[in-house]
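In what follows, a structure is listed as structure tokens, so that the remarks can point back to it.
Nothing in this text is a laboratory measurement; each read-out follows from the coordinates by a stated rule. Remember, predicted model here, so these are calculated numbers, not experimental data. Here the Cβ positions follow ideal geometry from the backbone for every residue, glycine too, while neighbour counts run over all protein chains shown.
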Amino acid sequence: MSLHPRFEIDKQTGTLRETDEPTPSQFVRGVSPSVETERTAPDLDIYSDALLLIDALEQYDVTELEELPTPSLINLYTLLSDVQRDADDLRGDVATVLLDRVHHDQPVHGQFGSVQRTSRTYRSLRDEDKVLETLEEAGIPRERVTSVDSSKVGEALEVTELAPSDVYEIEEREYVRKAEVNEEEKESRLQGLKDRLAATEGAEAEVLREEIEELERRINDLTSFRSGAEV
């Protein structure tokens with residue numbers, strides 16, 4: 001399978017990247033089906049929490065949330081919250097490493113998507129007196145740019161008899177938050193899932209393994225490369 005001429009292989013990172021100019025043809029090379037990689041469960045919170053979430057999603061019909069009992073909804077919310085936190089932490093770690101490997105504005109491609117180096121500008125005001133002085137020199141009166149500092153208003157309320165409603169527009173919004181996590185119950189359920197997976201046997205398990213192996217072969221066929229000179 002040939003590679004599009006505007007994509008090339010980044011040998012350092014093992015990924016695809018888009019180029020401004022056409023490159024020599026390269027070809028996809030499949031990995032031998034006989035090659036097997038032994039997998040072990042990673043000691044990561046996101047792995048354990050994701051297994052528990054998958055188990056819950058298989059138990060509950062999330063297309064009809066209104067029909068689920070309250071304990072089931074609490075289980076879902078807790079696990080979703082844990083997975084989101086774990087994923088955000090790991091995503092940040094991955095992004096830090098990627099930042100050292102993506103050196104251009106073109107997308108770099110992996111099996112399931114692509115990333116692109118970009119930048120975001122953050123602004124913070126310099127010293128207040130210096131800012132006001134600079135603006136006044138440019139013909140902008142300080143009254144035009146000064147405003148009420150909410151933190152100072154809060155401090156002022158503490159030494160007066162004014163009520164917060166006298167100076168604030170107050171709107172109360174209710175929401176649900178995770179209060180606590182039953183780690184013992186999670187660990188017990190997780191161990192049960194691991195034991196069940198380890199003991200899985202029979203025709204159904206064999207069919208599932210074959211489907212997974214076939215999927216892995218297809219992915220390898222699309223993501224393993226060699227140059228045209230090697231063909």
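Here are a few things to note about the model shown:
- Put a plus charge on the Cβ of each Lys and Arg, a minus charge on the Cβ of each Asp and Glu, and nothing anywhere else: the dipole of region 44-117 about its Cα centre is then about 500 debye.
- Taking trypsin sites (Lys or Arg not before Pro) across region 102-195, the ones in a DSSP loop with at most 11 further Cβ atoms lying within 10 angstrom of their Cβ are 120, 123, 126, 173, 177.
- Length gained when the stretch residue 58-residue 143 is fully extended (0.36 nm per residue, less Cα-Cα span): 24.5 nm
- For the listed peptides 102-113, 60-71, a ranking on the average number of other beta carbons within 10 Å per residue, highest first, reads 102-113, 60-71.
- FRET efficiency, 1/(1 + (r/R0)^6) with R0 30 Å, evaluated for residue 87 and residue 196 via beta carbons: 0.80
- Options 139, 167, 153, ranked by Cα towards positive dipole end of region 128-167, top entry (Cβ charges): 139
- Evaluated with a Cβ-only charge set (Lys, Arg +1; Asp, Glu -1), region 128-167 carries a dipole of roughly 160 debye about its Cα centre, given to the nearest 20.
- The residue among 54, 102, 90 whose Cα reaches farthest toward the positive pole of the charge dipole of region 44-117, with charges on the beta-carbon of Lys, Arg, Asp and Glu, is 102.
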